[in-house]
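Below is one structure, written out as structure tokens, with a few remarks after it.
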Amino acid sequence: MHGINENNYKDKLQGEFGYYDKTDYQRVLEEFNISKYRIENEKPDLKEDSVSGSLENLFAQLGLLFIIIISIMITGTIISEEFNKGTIKLLLVRPYTRRKIMLSKIIAAIICIILAMLCMILIQIFVSGIGYGFGTINAPVLKYNFNTNSVMEINIFAWLAINILAISPIIIILSAIALAIGTLLTNSASAITLSLLAYMGASILKQLAMVNTKIKWLKYIPFINWDLTEILFGRLSSVQGVTMQNAIISCTILVAVLLIITFETFSKRNIKNI
């Protein structure tokens with residue numbers, strides 16, 4: 001661990017090292033300083049035996065996949081099923097514009113997705129609380145802030161909020177894709193399948209971007225930079241050149257384009273033969 005400390009951190013990053021050498025250095029620096037902080041402040045690692053620890057990575061891997069599937073199923077069917085069942089006519093005879101109807105559908109989908117997340121959190125608290133004791137929910141989450149070169153203690157609910165915001169581009173983009181395809185093709189199966197394929201294809205694109213570091217424009221593809229958890233608190237992204245700013249801008253542009261396509265398609269859709 002010689003030489004791993006916050007005092008030489010900026011010098012290491014500005015030195016003549018490869019990008020992935022720097023990301024490895026960040027990882028080691030983080031692990032070293034969090035371990036040091038635990039020892040000095042008598043804070044054991046409670047990841048495996050506390051409610052707080054079980055909630056820390058709730059929206060990683062399988063948890064995130066569950067929310068993605070729920071989101072895609074909701075947004076991929078919320079319009080297409082209206083066409084398939086013929087109930088779209090009953091919906092459109094109401095004294096509301098098509099844009100207002102679409103907006104109400106989107107709001108309803110957002111509420112359902114948020115409720116699904118809350119259910120996941122409550123179930124995890126209940127299950128882990130029975131096993132570890134509900135008092136362990138007060139254990140803080142420890143994260144290293146590369147902007148301030150210091151270890152932070154974060155309340156578990158504050159961390160969950162930060163984590164949900166950081167993964168929200170993934171959920172929003174895939175939901176927008178499912179909604180757009182469902183509206184264009186009026187086919188729920190296609191909307192769900194193509195959205196899941198987009199999610200799986202994103203990992204392939206990311207690997208391509210990590211290998212081909214000379215292709216600078218790859219960092220602007222939303223499917224590559226949509227996971228903001230990678231760059232929280234000043235961390236270097238796994239893809240060279242990705243920053244919080246360009247990630248948010250590129251993801252916002254894609255969602256805006258998908259929503260414009262969705263609203264325009266729904267507004268002009270002919271329902272006479274339905």
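The values are calculated or read from the model by the stated rules, or taken from the named source; none is laboratory data. Computed from a predicted structure; not experimentally measured. Note: ideal-geometry Cβ built from the backbone for every residue, glycine included; neighbour counts use all protein chains shown.
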>> Just to check your reading of the model, which residue among Ile271, Ile171 is under 30 Å from Leu103 (Cα atoms), β-branched (Val, Ile, Thr), at pLDDT 95 or above and out of contact with any strand residue (DSSP E or B) (no Cβ under 8 Å at 6 or more places or on another chain)?
In response: Ile171
> Of all residues in segment 16-36, which are within 20 Å of Lys214 (Cβ to Cβ), part of a helix (DSSP H, G or I) and out of contact with any helix residue (DSSP H, G or I) (no Cβ under 6 Å at 6 or more places or on another chain)?
Replying inline: Tyr19, Tyr20, Asp21, Thr23
> Of all the residues that make up segment 61-90, how many are of a type outside the set (S, T, N, Q) and touching a residue at least 60 places away in the same chain (Cβ under 8 Å)?
Replying inline: 15
> In segment 40-91, which residues are under 25 Å from Asn138 (Cβ atoms) and hydrophobic (A, V, I, L, M, F, W, C)?
Replying inline: Leu46, Val51, Leu55, Leu58, Phe59, Ala60
>> I'd like to check something: does segment 195-211 contain any residue that is surrounded by 18 or more Cβ atoms within 10 Å (Cβ to Cβ), touching a helix residue (DSSP H, G or I) at 6+ places or on another chain (Cβ under 7 Å), assigned by TED's automatic domain parsing to the domain that holds Met102 and more than 30 Å from Tyr144 (Cα to Cα)?
In response: yes
>> Just to verify a result, which residue in segment 219-238, among those that are without any contact (Cβ under 8 Å) to a residue 40 or more places away in the chain and touching a Leu at 6+ places or on another chain (Cβ under 7 Å), is farthest from Phe146 (Cα to Cα)?
In response: Ile221
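Conditions (1) more than 30 Å from Ile260 (Cβ to Cβ); (2) of a type in the set (A, V, I, L, M), marked per residue:
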| site | (1), (2) |
| --- | --- |
| Glu153 | yes, no |
| Ile181 | no, yes |
| Ala189 | no, yes |
| Ile192 | no, yes |
| Ser195 | no, no |
| Ala198 | no, yes |
| Ile215 | no, yes |
| Ile224 | no, yes |
| Leu228 | no, yes |
> (1) within 30 Å of Val141 (Cβ to Cβ); (2) in contact with a helix residue (DSSP H, G or I) (Cβ under 9 Å, 6 or more places away or on another chain); (3) not in a helix (DSSP H, G or I): which one isn't true of Arg94, the others all being true?
Replying inline: (1)
> Name the residues in segment 16-71 that are small (Gly, Ala, Ser), at pLDDT below 90 and assigned by TED's automatic domain parsing to the domain that holds Ala209, would you?
Replying inline: Ser50, Ser52, Gly53, Ser54, Ala60, Gly63
>> For the condition in contact with a strand residue (DSSP E or B) (Cβ under 7 Å, 6 or more places away or on another chain) and either within 20 Å of Thr229 (Cα to Cα) or outside any loop (DSSP other than H, G, I, E, B) (or both), what is the one hit in Ser52, Ser104?
In response: Ser52
> Of the residues Ser250, Ser267, which single one is exposed (fewer than 15 other Cβ atoms within 10 Å of the Cβ) and among the small types (Gly, Ala, Ser)?
Replying inline: Ser267
>> For segment 97-155, which positions are surrounded by 14 or more Cβ atoms within 10 Å (Cβ to Cβ) and either outside the structural domain of Gly234 (by TED's automatic domain parsing) or at positive phi (or both)?
In response: Asn149
>> Please go through segment 178-237 and give me each residue that is in a helix (DSSP H, G or I) and of a type in the set (Phe, Trp, Tyr), ordered by number.
In response: Tyr199, Trp217, Tyr220, Phe223, Phe233
> Counting just the residues of segment 118-154 that are in a helix (DSSP H, G or I) and touching a Phe, Trp or Tyr at 6+ places or on another chain (Cβ under 8 Å), which one comes out nearest to Ser175 (Cα to Cα)?
Replying inline: Met120
>> Tell me yes or no: at least one residue of segment 86-93 is out of contact with any Lys or Arg (no Cβ under 9 Å at 6 or more places or on another chain), buried (at least 20 other Cβ atoms within 10 Å of the Cβ) and on the phi < 0 side of the Ramachandran plot.
In response: no
